[in-house]
Amino acid sequence: MTATPSTLDILRRLISFETISRRSNLDLLDYVESLLGPAGARIERFAHDDGSRANLWASVGPEIAGGVVLSGHSDVVPVAGQDWTRDPFTLTEEDGRYYGRGTTDMKGFVAAAIRALLLAAKRPLTRPLHLALSYDEEIGCMGVRSLIAAIEARPLRPALCIIGEPTGMKIATGHKGKTGYRACCFGQEGHSALAPQALNAIHLGAAFIASLEARQAELALTGHRDPAYDIPYSTLHAGIMRAGTALNIVPNLCEIDFEIRNLAEDDPAEILAGLALDAETIAAPHRDRFPQARIEITEISGYPGLTTPDSDPVIALLRRITGENGPAIKVAFGTEGGLFQQATGMSTAICGPGFMDQGHKPDEFISAAQLALCDQSLARLVGELVQLHI
């Protein structure tokens, strides 16, 4: 019988695949299938329209309803412009830490989850164990949606979902929703020597950004609050501004990409309505001279927040397998958890090894101790699936 590879061995291979968002992850999926297929896992892929990348769904145990999904993503953020002291795509071991892009976010959990399925395949499970491995999570949980839609359409759905994003193996019951928007500011081009005769789209954009700041200040003072979050209120953020072609041309277009990260109690549509009113207030005074003056706002991405009551069955399961009995936390970053919860009704929470402040930066790492805690918890999960505790 072939020995089950260690989580570290699997992680070493996963790190070697440069699965930066929007790039192909097919070689990584081939590797995962080379492990799970011979173990008897039932495997499906859900590909992007261009075929360059895909989600993977793997199951072991009986083909019945119920059971648990271990959900992670295969993509990582770029390394360009970061001052790494090690090869980001070669796992480096040093002083109880494993360095490499994606070690924390979140190939460490994915490696542990793959090993858990390999172990579970050898046991007499009474409920199935599933792996959901998605693509393009880092750009707004874009890839996983086709996989979730397939699960939603099936009569036999899993019962519980664990999102393995890094929480230090603490149990997280929620995160904010996020919606990304683009504000297109339309002015009138002209020669910069005659700038007052034109309408500078950058000036419209600057006024719109000022309105974002004002709305943010209002939310911080008077909006709903949830002290479980690092930032206890809904937030607005402008991340990208594009405008201009030459210094001596007054630009006629300025594009601003911004986001709303909302608490469950705040409706992003209401926040957007206020911003749309601001946009009209900014553009309207110019229309007597420039009829085309306007600011158009369109949605470009988004995912719902996650809110899971402490009484949900996934929380009880996680307390049993991790031994964590303290208060649950909420995380600042987003996940696919809200999509799973809303579309399929699965009881969903977040729990994974490592800490997010170790990710997305040069010399990203995960500690050996965190990986060991994850392995221990997932081994207990397999035991729960054998003993019909779920």
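Evaluation of residue 92 against the conditions (1) touching a residue at least 12 places away in the same chain (Cβ under 8 Å); (2) under 12 Å from residue 364 (Cα atoms) shows that the sole unmet condition is (1).
Just to be sure before I move on: is residue 215 at pLDDT 95 or above, open to solvent by 50 Å² or more (accessible area, probe 1.4 Å), charged (D, E, K, R) and touching a helix residue (DSSP H, G or I) at 6+ places or on another chain (Cβ under 8 Å) in the structure I sent? Don't jump to the end; show me each part of the working.
Details: at pLDDT 95 or above: yes; open to solvent by 50 Å² or more (accessible area, probe 1.4 Å): yes; charged (D, E, K, R): yes; touching a helix residue (DSSP H, G or I) at 6+ places or on another chain (Cβ under 8 Å): yes.
Judged against the criteria, residue 215 is a match.
Is it fair to say residue 153 is farther than 23 Å from residue 317 by Cβ and over 14 Å from the mean Cα position of the chain (by Cα)? It is true that residue 153 is farther than 23 Å from residue 317 by Cβ and over 14 Å from the mean Cα position of the chain (by Cα). Filtering region 40-47 for residues that are over 23 Å from the mean Cα position of the chain (by Cα) and not hydrophobic (A, V, I, L, M, F, W, C) leaves a non-empty set. Can you say whether residue 229 is touching a helix residue (DSSP H, G or I) at 6+ places or on another chain (Cβ under 6 Å), among the aromatic types (Phe, Trp, Tyr) and either under 30 Å from residue 332 (Cβ atoms) or open to solvent by 20 Å² or more (accessible area, probe 1.4 Å) (or both), as far as the supplied structure shows? So residue 229 does not fit the description; no. Within region 9-47, the set of residues being open to solvent by 40 Å² or more (accessible area, probe 1.4 Å), part of a helix (DSSP H, G or I) and out of contact with any strand residue (DSSP E or B) (no Cβ under 7 Å at 6 or more places or on another chain) comprises 9, 12, 13, 16, 27, 30, 34. When region 232-253 is filtered for residues that are surrounded by fewer than 17 Cβ atoms within 10 Å (Cβ to Cβ) and part of a loop (DSSP other than H, G, I, E, B), the ones remaining, listed by number, are 232, 244, 245, 246, 247, 248. The residue that is farthest from residue 148 (Cα to Cα), among those in region 90-138 that are in a loop (DSSP other than H, G, I, E, B) and in contact with a Lys or Arg (Cβ under 8 Å, 6 or more places away or on another chain), is 91. Considering region 299-387, the qualifying helices (runs of 4 or more DSSP H), each wholly inside and each with 3 or more residues that are within 23 Å of residue 136 (Cβ to Cβ), open to solvent by less than 40 Å² (accessible area, probe 1.4 Å) and among the small types (Gly, Ala, Ser), run over 337-344. Scanning region 278-296 for any residue that is open to solvent by 50 Å² or more (accessible area, probe 1.4 Å) and either small (Gly, Ala, Ser) or within 21 Å of the chain's Cα centre (by Cα) (or both) turns up nothing.
The values are calculated or read from the model by the stated rules, or taken from the named source; none is laboratory data. The structure displayed is predicted, hence computed values, not measured ones. Positions of Cβ are generated from backbone atoms using ideal geometry, with glycine treated the same way; all protein chains shown enter the neighbour counts. Note: accessible area is taken over every heavy atom of the protein model, side chains too, but ligands, DNA and RNA are not part of it. Shrake-Rupley method; radii C 1.70, N 1.55, O 1.52, S 1.80 Å.
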